[in-house]
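Asks: This structure is in structure tokens; I'll ask about it shortly.
The values are calculated or read from the model by the stated rules, or taken from the named source; none is laboratory data. From a predicted model like this one, the values you see are computed outputs, not experimental measurements. Using ideal geometry, Cβ is built from the backbone for each residue, glycine included, and neighbour counts are taken over all protein chains shown. Quick note on the areas: whole protein, heavy atoms, side chains included, nothing else; ligands and nucleic acids left out. Shrake-Rupley method; radii C 1.70, N 1.55, O 1.52, S 1.80 Å.
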Amino acid sequence: MDEIGNRLRRRAVVLDLGGARLPENADASWFGHVGICAPGEDWPFWNGRPMVPLCQLNLKEMPFRPPYLEDIDAIAVFVDEEDLPDGAANGQGWLVRTYRDLDSLVPLPSPGSFSVRPFPLFARVVDDDFPCWDDVPIELPEDIADQYEVLFTNSGGLKLGGWPTLVQSEICWAPFSQHPARPEYVFQIDSTEKANWSWGDQGVAYIGRGTVLGSTDVWTLSWQCY
């Protein structure tokens, strides 16, 4: 079993919604709040509505940077609250902004309040994050397969790296898992009652990044719910 664990485990950074201790720096990691942008950027709108600020992630403060995030200093994620995206391209009902130079960013004024509640995020490392059953890439002995979900744990939550927390099946990057950028899973944003946010019925959203030459700045979103 140790050999199987060694083949399957990945390291992840899980970001927990914090309490009373608020960070002093404007570029700190938050759920439900985005307060920085590149010069010249404005608050994103969709169908005349300001998008909800889902999270602001300062990768320079993380214990380590998972694959596909080594060249990025900060990430901001927005989404349209009334019409959750379904296979749409980045910027169409949802938006991922990435920044390679944290020092060049400026304050981003908010257009108002949102139903999602803001909380600072605090990182912790998960050394042993394992795939959900549909993502297991190797054949398992029958005795291990029968107990897989007991023996090998997948960590949920807002998570960088590791394995995605699947709700229904393996991730389908639209269209029909044949996306030309060949995205790979990078991080996930879970539903959270604490912050009053849910992807449908307690779902999870997965953010992918293109791996094809010339498409590494292509970001994709897929989500599943119960």
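Asks: Show me 40-47, 11-18 ranked by packing, highest mean number of other Cβ atoms within 10 Å first.
Replies: Details: 40-47: 13.6, 11-18: 19.8.
Peptide ranking by packing, descending: 11-18, 40-47.
Asks: Now for a different question. Leaving ligands, DNA and RNA out of it, work out the accessible area of ASP128 with a 1.4 Å probe and give it in Å² to the nearest 10.
Replies: 80 Å²
Asks: Can you show me the helix-derived [θ] at 222 nm for the chain, built from DSSP H runs with n ≥ 4 at -39,500 (n - 2.57) apiece and divided by the number of residues, rounded to the nearest 500.
Replies: Working: 3 runs with 16 residues, N = 226.
Rounded to the nearest 500, the figure is -1500 deg cm²/dmol.
Asks: What FRET efficiency do you get for ASP146 and ARG10 if R0 is 22 Å and r is their Cβ-Cβ distance, rounded to the nearest 0.05?
Replies: That gives a FRET efficiency of 0.45.
Asks: Stretch SER115-SER155 to full length: gain in nm at 0.36 nm per residue minus the Cα-Cα span?
Replies: Working it through step by step, the gained length comes to 11.8 nm.
Asks: What Kirkwood Rh does the chain have if only Cα atoms enter the pairwise 1/r average? Answer in Å.
Replies: 18.3 Å
Asks: In Å³ and rounded to a whole number, note down the convex hull volume per residue for the Cα atoms of the stretch 60-172. Let's see the in-between values first.
Replies: On the way: hull volume 18.7 nm³, N = 113.
That works out to 165 Å³ per residue.
Asks: Taking the Cα centre of each part, how many Å lie between the stretch 45-60 and the stretch 140-158?
Replies: Their Cα centres are 34 Å away from one another.
Asks: Tell me, what is the percent relative contact order of the stretch 164-226, built from C-alpha pairs under 8 Å that lie six or more residues apart?
Replies: Averaging sequence separation for qualifying contacts and normalising by length gives 38 percent for the stretch 164-226.
Asks: I'm checking a number: the convex hull volume of the Cα atoms of the stretch 110-182, normalised per residue, in Å³. What is it?
Replies: 192 Å³
Asks: Going by amide H atoms built from the backbone, whose H comes under 5 Å of the H on ASN154, apart from near neighbours?
Replies: Here PHE130 satisfy the definition.
Asks: Using only alpha carbon pairs under 8 Å that are at least six residues apart, calculate the relative contact order of the stretch 1-149 and give it in whole percent.
Replies: Contact order relative to length: 36 percent.
Asks: Hey, another quick one. Roll a 1.4 Å probe over the protein chains and send me the accessible area per residue for the chain in Å².
Replies: Per-residue value: 50 Å².
Asks: Moving on to the next point. Classify the stretch 143-218 as rounded, prolate or oblate, taking a ≥ b ≥ c as the square roots of the eigenvalues of its Cα gyration tensor: rounded when a/c is under 1.5, otherwise prolate if a/b is larger than b/c and oblate if not.
Replies: Numbers: a/c = 2.05, a/b = 1.30, b/c = 1.59.
Oblate.
Asks: With a Förster radius of 41 Å, plug the Cβ-Cβ distance of GLN202 and GLU3 into 1/(1 + (r/R0)^6) and report the FRET value to the nearest 0.05.
Replies: On the way: r = 35 Å, r/R0 = 0.85.
According to the calculation, E is roughly 0.75.
Asks: At a 10 angstrom cut-off on C-beta neighbours, averaged per residue, how do the peptides 111-120, 186-195, 22-31, 71-80 rank from highest to lowest?
Replies: 71-80, 186-195, 22-31, 111-120
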